[in-house]
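The following block contains the structure, expressed as structure tokens.
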Amino acid sequence: MSGLLLSLAIFLLIASLWLFWRAQQQRRETGLPAGEIIYADASNWRQSERPLFSQRYLLTGKPDYLVETGGEIIPVEVKSTHLSGDKPYRSHALQLAAYCLLVEESYGHRPSYGIIQYANKTIRLPFSDSLRQELFDMMQAIRSARSASLVRRNHDDPKRCVRCGFRHACGEPIAL
């Protein structure tokens, strides 16, 4: 009988070690830093209660994850695309900056950085004053464009044009 209990105890120990190792491996694959996940909008892991919202900046968004680590709340955005260089795509950097601003407004503390997890690499992007200002400039440009009678296309990429949801109303399509 004691041999059976010992075998069961060893089996449970091995199973729990394997589950712990697998959980750590999954965390590394998502690019999440060590800490407690307090918000998740990615996949079906956990349903988020609501998007983050700033009345002050009239900005709303749903980061993939918010991780509380080292006394900070860090936004994490997961992208399925590959990154070809060492710098994040500008649109992704500004999206992450918006999430950093929303964290600051929602939780009262400015994160020092955010994370973009690409399919092939993880970028830890500092939430610097210059990135913050670039975000404010972009928000102003978007708000100005909303009231403009004509907004010019801002790219020369036919593939992007083909996938655009506004192509039917665009006066400057570059792809047919």
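Values quoted throughout were computed directly from the atomic coordinates according to the rules given, and no laboratory measurement underlies them. As the structure is a computational prediction, the values presented were derived from the model and not from experiment. As a convention, Cβ positions derive from the backbone with ideal geometry for all residues, glycine included, and neighbour counts pool all protein chains shown.
Pop out the Kirkwood hydrodynamic radius of the range 76-176 from its pairwise C-alpha distances, inverse of mean 1/r, in Å to one decimal.
Working: mean 1/r = 0.0640 Å⁻¹.
Roughly 15.6 Å, rounded to one decimal.
For the chain, what is the Kirkwood estimate of the hydrodynamic radius, computed as the reciprocal of the mean inverse distance between distinct Cα atoms, to one decimal in Å?
Details: mean 1/r = 0.0521 Å⁻¹.
Value: 19.2 Å, from the Cα pair sum.
A further question follows. Please give me the summed charge of the neighbours of residue 134: other residues whose Cβ is under 14 Å from its Cβ, Lys and Arg +1, Asp and Glu -1.
Taking every Cβ under 14 Å from that of residue 134, the sum is +1.
Taking residue 79 as the anchor, which lysines have their alpha carbon closer than 18 Å to its alpha carbon, excluding any fewer than eight residues away along the same chain?
Cross-link targets: 62, 87, 121.
Would you pull out the residues with amide H under 5 Å of residue 83's amide H, same chain only if 5 or more places away, H placed 1.01 Å from N?
119, 120, 121
In the range 33-127, how does Rg compare with the Kirkwood Rh, expressed as the Rg/Rh ratio over alpha carbon atoms? Show your work: numbers first, answer last.
Working: Rg = 12.7 Å, Rh = 13.4 Å.
Ratio of gyration radius to Kirkwood radius for the range 33-127: 0.94.
OK, next. Among 124, 143, 132, which one shows the highest mean-square fluctuation when the chain is modelled as a Gaussian network with alpha-carbon springs under 10 Å?
Greatest mean-square fluctuation among the candidates belongs to 143.
Evaluate Rg over Rh across the range 77-116, taking Cα atoms for both radii and Kirkwood's formula for Rh.
Dividing the radius of gyration by the Kirkwood radius yields 1.03.
Would you calculate, for the chain, the mean residue ellipticity at 222 nm contributed by helices, counting each DSSP H stretch of 4 or more residues as -39,500 (n - 2.57) and dividing by all residues, to the nearest 500?
Estimated from H runs of four or more residues: -14000 deg cm²/dmol.
Could you tell me how far the Cα centroid of the range 115-142 sits from the Cα centroid of the range 157-176, in Å?
Taking the Cα centre of the range 115-142 as reference, the centre of the range 157-176 is 26 Å away.
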